[in-house]
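S.K.: Have a look at the structure that comes next, please.
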């Protein structure tokens, strides 16, 4: 596993400003993204960065839309839903498809989808990546403010200068990457040297255990 330190995202990055397209292209290949924000003014910077990343087809902390879309040669638009829709109906779907010159397709919506969701599926080049927002400089805010920040989804407050709260960041990283620990054991409790075992394995005296991190 590698940790890449990418240049900062600036306004206009998705259009190539500041070599932004190259930076975002690398981010699209990552298993997890850290975005470092100033805890004193996080929301403005967060919105700007998300806007630039989304404009380049990168979706943070989202799942792919539960939409089935299949183009076909004839038969018109076959539109089905498995639940009530608040935004998309047959006419709206036809209008969106016509923008892509698609006049024959099967579409099934399995949740209350939006136009943007449908467009993402039609485009077919979106990348869905987990993201953790690192709210830096918590040494400059009060305990009451820190309590509020802890309630923000996908955020970990830290102080890079003082190296505060790095343990919480590490735990969050393991959670978002869905890493697991695998134990390798040498000794009399196993038949092979070494042997992979689970958490319920009973060790013998003088066994040697190695913990291996894997995705």
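Just so you know, all these numbers are worked out from the coordinates, no wet-lab data involved. None of these values were measured; they are calculated from a predicted model. Every residue, glycine as well, gets a Cβ built from its backbone with ideal geometry; the counts of neighbours run over all protein chains shown.
S.K.: With the Cα gyration tensor of the chain giving a ≥ b ≥ c as the square roots of its eigenvalues, does the rule (a/c under 1.5 for rounded; else a/b larger than b/c for prolate; else oblate) give rounded, prolate or oblate? Please report the intermediate quantities before stating the final value.
M.R.: Numbers: a/c = 2.41, a/b = 1.42, b/c = 1.70.
It comes out oblate by the Cα gyration axes.
S.K.: So what is the calculated 222 nm ellipticity per residue for the chain, using -39500 (n - 2.57) for each DSSP H run with n of 4 or more, over all residues, to the nearest 500 deg cm²/dmol? Walk me through the numbers before you get to the answer.
M.R.: On the way: 6 runs with 60 residues, N = 215.
Result for the chain, helices only: -8000 deg cm²/dmol.
S.K.: What ranking do 35, 143 get, fewest neighbouring Cβ atoms within 10 angstrom at the top? Don't skip to the end; give the middle numbers.
M.R.: On the way: 35 21, 143 7.
Result, fewest neighbours first: 143, 35.
S.K.: Please give the helix 42-55 orientation as an angle from the longest Cα principal axis of the chain, in degrees from 0 to 90, rounded to the nearest 10.
M.R.: Rounded to the nearest ten degrees, it is 60.
S.K.: Under a point spin-label approximation (7 Å from Cα along Cα-to-Cβ), what is the residue 142-residue 80 distance to one decimal in nm?
M.R.: 5.8
S.K.: A follow-up question, please. If you take all C-alpha pairs in region 122-169, what percent of them are over 12 Å apart?
M.R.: On the way: 743 of 1128 pairs.
Here the tail beyond 12 Å accounts for 66 percent of pairs.
S.K.: Residue separation times 0.36 nm, minus the C-alpha to C-alpha distance between residue 47 and residue 170: what's the value? Provide the component values of the computation, followed by the final result.
M.R.: Numbers: separation 123, 0.36 × 123 = 44.28 nm, distance 2.46 nm.
So the extension gain works out to 41.8 nm.
S.K.: Which whole number of Å³ per residue matches the convex hull of the alpha-carbon atoms in region 59-114? Intermediate values should be presented prior to the final figure.
M.R.: Numbers: hull volume 5.0 nm³, N = 56.
Residue-normalised Cα hull volume stands at 89 Å³.
S.K.: Then there is this: Angle, helix 166-177 long axis vs. longest principal axis of the chain, Cα atoms, 0 to 90°, nearest 10?
M.R.: The two axes meet at around 50 degrees.
S.K.: Give me 163, 196, 137 sorted ascending by neighbouring Cβ count inside 10 Å, so fewest comes first. Intermediate values should be presented prior to the final figure.
M.R.: Numbers: 163 8, 196 12, 137 17.
Neighbour counts put them in this order, fewest first: 163, 196, 137.
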